[in-house]
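Colleague: So that we are looking at the same thing, I have put the structure below in structure tokens.
The values are calculated or read from the model by the stated rules, or taken from the named source; none is laboratory data. Note that the coordinates shown come from a computational prediction; the quantities given were computed from them, not determined experimentally. Here the Cβ is made from the backbone with ideal geometry for all residues, glycine too, and neighbour counts use every protein chain on show. Calculation scope for accessible area: heavy atoms of the full protein, side chains included, ligands and nucleic acids excluded. Shrake-Rupley method; radii C 1.70, N 1.55, O 1.52, S 1.80 Å.
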Amino acid sequence: MKMNPSILLSCMAVAVLVGCNSADSPKKPGSSDGTQASENSATGDGSGEKPKTNETATTGEETNGVKREEWGTAGDGQKVFLFTLTNKNGTVCKLTNWGALISELHVRDKGGKLGDVVLGYESLERWLDSDGNGKANPSYFGCTVGRYCNRIANGTFELDGETYLLAQNNDPSHLHGGKVGWDKKVWAGEIVDHDDGQAVKFQLTSPDDDEGYPGNVQAEVIYVLTDDDAVRIEHSATTDKATPVNMTNHTYFNLAGEGSSTILDHELKLETAKYTEFGKNDIPTGEIKSVEGTPFDFTKSTRIGDRIEKLAGEPGGYDQNYLLREEKVEQPALAATVHDPASGRVLEILTTEVGIQFYSGNYLDGSLVGKTGKKYEKHFGFCLEPQFHPDSPNKPQFPSSTLKPGERYSHITIFKFGVRE
Ligand code: BGC
């Protein structure tokens with residue numbers, strides 16, 4: 001496998017750029033890299049992605065260093081693939097077009113040892129039947145959530161004088177796009193060229209009335225693995241009728257390695273001092289509050305477990321939405337930094353979004369067994385999900401999540417890895 005020297009050069013140039021976005025980039029630990037496939041040739045979003053055309057996918061082949069293997073079938077017999085991206089440091093990211101999700105992510109610790117830092121399953125069969133009772137990925141590991149991530153109160157909203165009723169799959173709320181959200185769909189997947197590194201693009205058509213939402217939506221997610229150990233995720237969508245759109249990636253991280261322990265010893269710093277107050281059923285009241293003097297204050301790097309017991313309610317733990325900024329920004333900016341002192345791994349999250357949900361894996365209870373046979377117990381993973389605020393369609397005071405015909409929804413998030421001694 002060889003990497004084209006011009007691709008390598010542009011990767012390096014972009015790697016420097018991505019690094020510049022973060023205030024205090026962690027040090028990089030201790031190499032790799034090149035084929036094939038295309039089923040679609042849709043437009044990019046002007047962010048460096050160049051669609052590949054006139055190439056046909058073949059089982060187990062490679063394009064641009066990205067390996068593509070057939071992984072089985074889902075839905076009404078649609079083909080599911082596993083894509084393996086590798087960068088020059090040996091960092092490996094595995095993606096699948098079922099749920100447009102991240103199934104494995106192997107990054108180095110301070111001793112240079114690779115470890116898989118995301119929760120998930122080892123085969124398509126287990127993604128489709130995760131609990132042994134036919135439930136497909138009930139905890140939303142690794143997936144792309146849409147059309148609207150997080151909750152919409154009572155599964156209803158008004159738009160342009162019409163009232164819409166969505167699936168109330170989190171009684172009485174609508175959660176993560178409904179009963180069969182975008183996380184449970186087979187997306188079209190193809191390996192694409194990208195200035196920043198190895199890349200795969202996923203595309204989905206969400207029809208009018210999908211889970212109750214208005215309008216036909218064309219959604220796209222591009223994952224890029226850069227040579228400076230960042231996974232860049234570019235979400236975008238268009239519609240033919242006004243509709244709420246709020247896409248996020250729902251990866252559960254454990255920087256000590258998936259299935260190894262809780263994440264309570266990880267230290268978290270958030271680049272915000274404001275959170276959206278929650279009321280009944282985890283729906284925001286609409287008030288934005290200061291974190292000062294509350295267990296939600298992560299303005300200084302703080303061990304996640306330090307104040308977790310002070311949080312009221314069942315099942316306990318963090319499930320909190322924060323305000324990063326009043327408006328989206330063009331270039332991803334630092335939102336969160338997580339450090340695991342034991343492994344030395346550091347994760348920085350940069351995003352263009354206005355809000356971020358911090359969820360400490362509170363509903364994990366040992367009933368799900370992960371890809372290496374370990375039980376995922378309570379707090380065995382955390383999610384930091386950049387997004388619009390929950391229930392924005394019913395909260396005019398929040399930044400609007402409405403996408404109109406002629407517009408393009410765009411959200412970029414970067415998961416950047418490094419180590420600290
Ligand atoms: C939400 C939690 C929910 C979880 C499901 C998170 O994004 O904030 O409330 O239980 O997803 O996996």
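Colleague: Efficiency by 1/(1 + (r/R0)^6): what FRET value for ASP209 and SER261, r their Cβ-Cβ distance, R0 = 56 Å, to the nearest 0.05?
Modeller: E between ASP209 and SER261, to the nearest 0.05, is 0.80.
Colleague: Here's another thing I want to ask about it. So, by mean Cβ neighbours within 10 angstrom, what's the order for 224-233, 328-337 with the highest one leading?
Modeller: 224-233, 328-337
Colleague: May I pose another question? For LYS274, list the aspartates and glutamates whose Cα falls under 20 Å from its own Cα; do not include residues on the same chain fewer than 8 positions away.
Modeller: In chain and number order, the partners are ASP282, GLU287, GLU292, ASP297, ASP306, ASP319, GLU326, GLU327, GLU348, GLU353, GLU385, ASP391.
Colleague: Given axes a ≥ b ≥ c from the Cα gyration tensor, I'd like to know whether the chain is rounded (a/c under 1.5), prolate (a/b larger than b/c) or oblate.
Modeller: It comes out rounded by the Cα gyration axes.
Colleague: May I ask you to order 160-170, 379-389 by the average number of other C-beta atoms within 10 Å around their residues, highest value first?
Modeller: 379-389, 160-170
Colleague: Going 7 Å from the Cα of ARG420 along its beta-carbon direction, which residues of the stretch 87-131 have the amide nitrogen within less than 17 Å of the resulting point?
Modeller: So the set is 108-111.
Colleague: Using a 1.4 Å probe, how large is the accessible area of ILE308, given in Å² and rounded to the nearest 10?
Modeller: Looks like 10 Å² after rounding.
Colleague: Shifting gears a bit: Could you rank the peptides 401-409, 62-70 by their average count of other C-beta atoms within 10 Å per residue, with the highest value first?
Modeller: The peptides rank, most packed first, as 62-70, 401-409.
Colleague: Output the pairs from LYS88/LYS371; LYS113/LYS269; LYS280/LYS395; LYS328/LYS404; LYS67/LYS201; LYS110/LYS300 with a Cα-Cα distance over 19 Å in this structure; if there are none, say none.
Modeller: In this structure, LYS88/LYS371; LYS113/LYS269; LYS110/LYS300 exceed 19 Å between Cα atoms.
Colleague: Work out the FRET efficiency for ASP160 and ALA342 from their Cβ-Cβ distance, taking R0 = 51 Å, and round it to the nearest 0.05.
Modeller: 0.45
Colleague: In terms of modelled amide H atoms, which long-range or inter-chain residues lie less than 5 Å from the amide H of LEU159?
Modeller: So LEU159 has HN proximity to TYR164.
Colleague: Going by amide H atoms built from the backbone, whose H comes under 5 Å of the H on SER130, apart from near neighbours?
Modeller: LYS135, ALA136, ASN137
Colleague: Right, here's the next one. Is the C-alpha gyration tensor of the stretch 112-195 telling us rounded, prolate or oblate? Criteria: a/c under 1.5 is rounded; beyond that, a/b larger than b/c is prolate, otherwise oblate.
Modeller: Taking the square roots of the gyration eigenvalues as a ≥ b ≥ c, the stretch 112-195 is prolate.
Colleague: Just grab the label-to-label distance for GLN331 and THR299, each label 7 Å out from Cα along the Cβ direction, in nm (one decimal).
Modeller: Taking the simple label geometry, GLN331 and THR299 are separated by 2.6 nm.
Colleague: What FRET efficiency do you get for ARG408 and ASP171 if R0 is 25 Å and r is their Cβ-Cβ distance, rounded to the nearest 0.05?
Modeller: 0.15
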